[in-house]
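In what follows, a structure is listed as C-alpha cells, so that the remarks can point back to it.
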Amino acid sequence: MLIVGVFIGALAASLADGSFKVEAVPPVWRERFGNSAGVRAVGAFLGGTVAMFGARMADGCPSGHGLSGLMQLSISGFIALACFFGAGVLVAALVYRGGGGAR
Amino acid sequence: MSEQWLGLITGVAFGALLQQGRVLRFEKQVGAMLLKDMTIMKFMLSAILVGMVGINLLAAFGLVKLSPKATVLGANIVGGILFGGGWAIMGFCPGTSVGAVAEGRVHAVFAILGMLAGAALFAEAYPYLEKGFLKMGNLGPMTLPGVLGVGPWPVIAVLAVIYILAFVFFEKKGL
C-alpha cells in the first residue's frame, strides 16, 4: 500500500506543478548511448537486476541502509552507503565518460 | 486506523515530497554519482539529520524501539558494491522507482522489471549463499555509539556538525 501511495503522490504532485514528463531516454543517457529507447530499456533492466541482487545481499538499499540505517547510527548503514556511493561514482565515471554534464 | 490505510497515506505524502524534491529522476541520481549535482545527497542529509534526532528522541522516551540491521561485512560490502554499480546504470532507487514511473519516466518500468529479476535470481542463489558467504563477517547489530562505548547524543552531535558542513560545502560549490 505504501508503494501504491508513492505512485499516487508522485503522479498528483508532478501533474500539479507541470513537471510530469513522458521520457523514454534521459538526456545524460542519450549523450552517451544515443536515442534508442530499446538500448535504454535493456540498460535499465540489467542495471536493475544487478542492483537488486546486490541490495538483497546487502540487506538494504539507500533507503533501508542509507536513511534508516544512518538515522539509527547503525554501522551496517555507514558501510553499505559508502559502498553504494563509492561503486556508483566509479561505474558512473566509466559508463558516462564522454557524455555531457548532468545539469 | 488499519496499517493498510496508514501505509497508503504515508506513501502518498512520501511520493509527493520525493517528487517535489526532484530526487526521483535519473538525472539527479546519476548527477550525484557524477559528482555534478548533489540534490539527492542534500535530500538524504536533511532527512537523516531530522530523522536521527527525532528517532533517538522517541527512543529516549521509550516510544519506539530501534532495530538497526545486522552488520555482516561480506554481504554489506559485496552487496553494496553490486548495488552501487547497478544503480549507476539503472539511475533509479528501488524504493522510489515507482514514483519515477508516476512522473512519466517510462524507462523506469524496465528498471522495475530488472529489479524483480534480480530479486528472483537472489532467491535462487540464496540456498547456496546462505550457509557460507552470507555469514562471513557477521557481527550482529552494531551501532556507532555501541562501538565507541558512549551514549547516542555525543555521536549525534558530532555527526550533525559533519552533515551540516557537508551541506554548506555542496551549497558553496553550487552542487
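The values are calculated or read from the model by the stated rules, or taken from the named source; none is laboratory data. Predicted, not measured: the structure shown is a model, and the values here were computed from it. Note: ideal-geometry Cβ built from the backbone for every residue, glycine included; neighbour counts use all protein chains shown. For the accessible areas, the whole protein counts, side chains as well, though only heavy atoms, and no ligand, DNA or RNA atoms are used. Shrake-Rupley method; radii C 1.70, N 1.55, O 1.52, S 1.80 Å.
Of everything in the range A:30-60 that's at the interface with chain B (Cβ under 7 Å from one of its Cβ atoms), farther than 29 Å from B:Leu8 by Cα and of a type outside the set (A, V, I, L, M), which residue is surrounded by the most Cβ atoms within 10 Å (Cβ to Cβ)?
A:Arg40
Out of all the residues in the range A:10-26, which are surrounded by 14 or more Cβ atoms within 10 Å (Cβ to Cβ), of a type outside the set (Phe, Trp, Tyr) and either within 7 Å of chain B (Cβ to nearest Cβ) or not in a helix (DSSP H, G or I) (or both)?
Filtering the range A:10-26 down to residues surrounded by 14 or more Cβ atoms within 10 Å (Cβ to Cβ) leaves A:10-15, A:19-20, A:23-26.
Filter again for of a type outside the set (Phe, Trp, Tyr), leaving A:10-15, A:19, A:23-26.
Scanning the range A:10-26 gives A:Ala10, A:Leu11, A:Ala12, A:Ala13, A:Ser14, A:Ser19, A:Glu23, A:Ala24, A:Val25, A:Pro26.
Just to check your reading of the model, which residue among B:Leu121, B:Leu82, B:Leu148, B:Leu159 is open to solvent by 10 Å² or more (accessible area, probe 1.4 Å) and in contact (Cβ under 8 Å) with a residue 40 or more places away in the chain? Quick ask: steps written out before the conclusion?
Working: B:Leu121 fails: in contact (Cβ under 8 Å) with a residue 40 or more places away in the chain; B:Leu82 fails: in contact (Cβ under 8 Å) with a residue 40 or more places away in the chain; B:Leu148 fails: in contact (Cβ under 8 Å) with a residue 40 or more places away in the chain.
Residue meeting the stated conditions: B:Leu159.
Could you check, for the range A:78-90, whether at least one of its residues is more than 7 Å from chain B (Cβ to nearest Cβ), buried (at least 18 other Cβ atoms within 10 Å of the Cβ) and either of a type outside the set (A, V, I, L, M, F, W, C) or within 17 Å of the chain's Cα centre (by Cα) (or both)?
Yes, the range A:78-90 contains at least one residue that is more than 7 Å from chain B (Cβ to nearest Cβ), buried (at least 18 other Cβ atoms within 10 Å of the Cβ) and either of a type outside the set (A, V, I, L, M, F, W, C) or within 17 Å of the chain's Cα centre (by Cα) (or both).
Can you tell me which residue within the range B:92-110, out of those that are within 7 Å of chain A (Cβ to nearest Cβ) and outside any helix (DSSP H, G or I), is surrounded by the most Cβ atoms within 10 Å (Cβ to Cβ)?
That would be B:Arg105.
If you go through the range B:48-76, how many residues are assigned to a helix (DSSP H, G or I) and either buried (at least 19 other Cβ atoms within 10 Å of the Cβ) or more than 7 Å from chain A (Cβ to nearest Cβ) (or both)?
Going through the range B:48-76, the residues assigned to a helix (DSSP H, G or I) turn out to be B:48-60, B:73-76.
With either buried (at least 19 other Cβ atoms within 10 Å of the Cβ) or more than 7 Å from chain A (Cβ to nearest Cβ) (or both) added as a condition, the list becomes B:48-50, B:52-54, B:56-60, B:73-76.
Selection size over the range B:48-76: 15.
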